[in-house]
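Scroll down for the structure; my scribbles are underneath it.
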Amino acid sequence: MSRQAAFQRMPSVPARRILIWRAGAIACALLVTAAILALSGYSPPDLALLVARSTVGSRFGMEDLALFMSPLLLTGAAVTVCNRIGLWNIGAEGQFYAGAIGAAAIGLFVPAPALVLLPLMAAAGIVAGMGWIAIPTLARAYAGVNEIITTLLLNFVASLLTYYLTTGPWRDRVTGAQVSSARLPVSIPEIWGIVHWGFPIGLLIVAVLAAVMAHTRWGYEIRVGGANPDAARYAGIPVRARIIVVMLLSGGLAGLAGMFELAGTVHRLQGGMANNFGYLGIVVAVLARGSCLDVIPAALLMAFILDAGIVLQTQQLTASVVLAITGLMLFMIAIADELAHYRPVARMKKETAP
């Protein structure tokens, strides 16, 4: 008898193991990136020092990280909460636009003081995000229509609607800015430099959502419904009602992200203002691995990558190269997440006589 090496996939692994594998994946991605940049005539140590100094090494960089995190927290949470019940909301980008449109409609056309207008804009953003996901929600709950397709296709409709409004009825007639509405009369107050209150509110929302998912009966029913819908129905859990509530909640979170970006950062409705935050929310949710609380470090990592990409572009690196580096890092992390589930096991092999 002799021992033969084999690998067994474990259904779940400790978080520490995942972190170790991810750290190794990031290190490998950085080594590959450094090698490619060195062959292209760049100095990897100098670039690394510049990125560190311009992101976490300066107040301006830290402010940019917080601004990037603000929408990523909510779009990442929007996708994650859907994942908990076994669904994929690929339409956070469209719901983001819908929330921005709803908030802009209030901000531009409702005369009221900021103390009244900002809560109304937030409510309008949430309702608009929920409204944008309503049709995919009902189609999934009552007809079993795949929510991936319906939510994805509505992204393009929301983007085109934004372009229509900002070049047509809502266009800026004062300054003549292209693909833009007039500047909003109010904005979310800033708390640190250019960082506005949307950032701590986003952190609070994600933390509360994580606590609700982990420590309430409703959260337990969501988890059970996602893990085994048939068993959940047998146990008396109204799975269809939970699907409707969760998907509407997801749309509302993405819509609120649009309102925060509109009133806190951009200050006017613009074509392309989503900046792929809805799609990047999917990446954040994948990195969070279904944990609402882990959306926070995942959003921080994604924000750092985006911020570093901007810094690299100032050194004559094209946007395509930066996108390739980002994709490589996320690809390596995805591989590491899968490999972390495997562990070697010893198996006995019979030796045959010659």
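Structure data summary
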quantity: Members of the stretch 111-136 found to be open to solvent by 70 Å² or more (accessible area, probe 1.4 Å) and either part of a helix (DSSP H, G or I) or under 18 Å from Ile205 (Cα atoms) (or both), listed by number; calculated: Leu115, Val116, Pro119, Leu120, Val127, Ile135
quantity: Residue that is over 25 Å from Phe96 (Cα atoms) and out of contact with any Pro (no Cβ under 6 Å at 6 or more places or on another chain), where the choices are Val245, Val224, Val239, Val284; calculated: Val224
quantity: Those residues of the stretch 45-66 which are open to solvent by less than 30 Å² (accessible area, probe 1.4 Å) and of a type outside the set (D, E, K, R), in sequence order; calculated: Leu47, Val51, Thr55, Gly61, Leu65, Ala66
quantity: Boolean, Ile18 is open to solvent by 30 Å² or more (accessible area, probe 1.4 Å), assigned to a helix (DSSP H, G or I) and touching a residue at least 24 places away in the same chain (Cβ under 8 Å); calculated: no
quantity: Count of the stretch 250-290 residues which are under 24 Å from His341 (Cβ atoms) and part of a loop (DSSP other than H, G, I, E, B); calculated: 2
quantity: Evaluation of Leu293 against (1) crowded, with 22+ Cβ neighbours inside 10 Å; (2) not in a helix (DSSP H, G or I) (one fails), failing number; calculated: (1)
quantity: Lone unmet requirement of (1) under 30 Å from Ile194 (Cβ atoms); (2) open to solvent by less than 10 Å² (accessible area, probe 1.4 Å); (3) not acidic (Asp, Glu) for Ala232; calculated: (1)
quantity: So Val145, is it over 18 Å from Glu261 (Cβ atoms), surrounded by fewer than 18 Cβ atoms within 10 Å (Cβ to Cβ) and in contact with a helix residue (DSSP H, G or I) (Cβ under 6 Å, 6 or more places away or on another chain); calculated: yes
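The values are calculated or read from the model by the stated rules, or taken from the named source; none is laboratory data. These numbers were taken from a predicted model, which means no experiment stands behind them. FYI the Cβ positions are ideal-geometry reconstructions off the backbone, even for glycines, and counts take in every protein chain you see. Note: areas computed on protein heavy atoms with side chains; ligands, DNA, RNA excluded. Shrake-Rupley method; radii C 1.70, N 1.55, O 1.52, S 1.80 Å.
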